[in-house]
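One structure, pasted below without further comment.
The values are calculated or read from the model by the stated rules, or taken from the named source; none is laboratory data. This one's a predicted model, so the numbers in the text were calculated from it and none came from an experiment. Ideal geometry is used to build each Cβ from the backbone, glycine not excepted, and the neighbour counts take in all protein chains shown. Only protein heavy atoms, including side chains, enter the accessible area calculation; ligands, DNA and RNA are left aside. Shrake-Rupley method; radii C 1.70, N 1.55, O 1.52, S 1.80 Å.
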Amino acid sequence: MEKYESKQQQIRRSAEQIYSALSSFSNFTPMLADKVEEWQATDDECSFKAKGMKMALRIVDREPNKTIKIQGADSNPMDFTFWLQLKEVAPYDTRMRIVVHAELNMMMRMMIGKKLQGAVDQMAEAIATAMN
């Protein structure tokens, strides 16, 4: 299992506000419905098609104001889990990091390892920008 960590991002909101926004896939509908195909979401699960590839995610664990653990469904092309980690360091100053664990064979690691690291950093930065 390979591990990819985003750079830590600063968000000028409380951990509670960030957690509230990110702990339900339903909250992402306004942002993603027109950016991916076949977007469907409930509080705990979502599915969509991006670049012709069908993906499904589910929230498997939540620790209020600290962690959201998301896992890819069995139907996804690769096995992965990721965490959104929040740490409030001061009022309205929360640090966020995304950690991805992905099961990649040697060839996949060589082909997409750096791209996956870049994607994790981009995702963390996009969330921080949207939340600030």
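Could you list, in sequence order, all residues of region 49-65 that are open to solvent by 70 Å² or more (accessible area, probe 1.4 Å) and within 14 Å of the chain's Cα centre (by Cα)?
Passing the criteria: 58, 61, 62.
In this structure, is residue 111 aliphatic (A, V, I, L, M) and loosely packed, with under 13 Cβ neighbours inside 10 Å?
Answer is yes for this residue.
Also, I was wondering about something else. For region 69-87, what are the residues that are assigned to a loop (DSSP other than H, G, I, E, B) and open to solvent by less than 20 Å² (accessible area, probe 1.4 Å)?
76
Quick check on my filter: what residues within region 1-48 are open to solvent by 80 Å² or more (accessible area, probe 1.4 Å) and among the aliphatic types (A, V, I, L, M)?
Answer for region 1-48, where residues must be open to solvent by 80 Å² or more (accessible area, probe 1.4 Å) and among the aliphatic types (A, V, I, L, M): 1, 31.
Would you confirm, using the coordinates I've provided, whether residue 90 is out of contact with any Ser or Thr (no Cβ under 8 Å at 6 or more places or on another chain), at negative phi, surrounded by 16 or more Cβ atoms within 10 Å (Cβ to Cβ) and not polar (S, T, N, Q)? Talk me through it step by step, then tell me what you get.
Details: out of contact with any Ser or Thr (no Cβ under 8 Å at 6 or more places or on another chain): yes; at negative phi: yes; surrounded by 16 or more Cβ atoms within 10 Å (Cβ to Cβ): no; not polar (S, T, N, Q): yes.
No: the conditions fail for residue 90.
For region 93-105, which positions are open to solvent by less than 80 Å² (accessible area, probe 1.4 Å) and not in a strand (DSSP E or B)?
The one that is open to solvent by less than 80 Å² (accessible area, probe 1.4 Å) and not in a strand (DSSP E or B): 104.
If residue 31 passes every condition in (1) touching a strand residue (DSSP E or B) at 6+ places or on another chain (Cβ under 9 Å); (2) touching a residue at least 24 places away in the same chain (Cβ under 8 Å); (3) within 24 Å of residue 118 (Cα to Cα) but one, which one does it miss?
(1)
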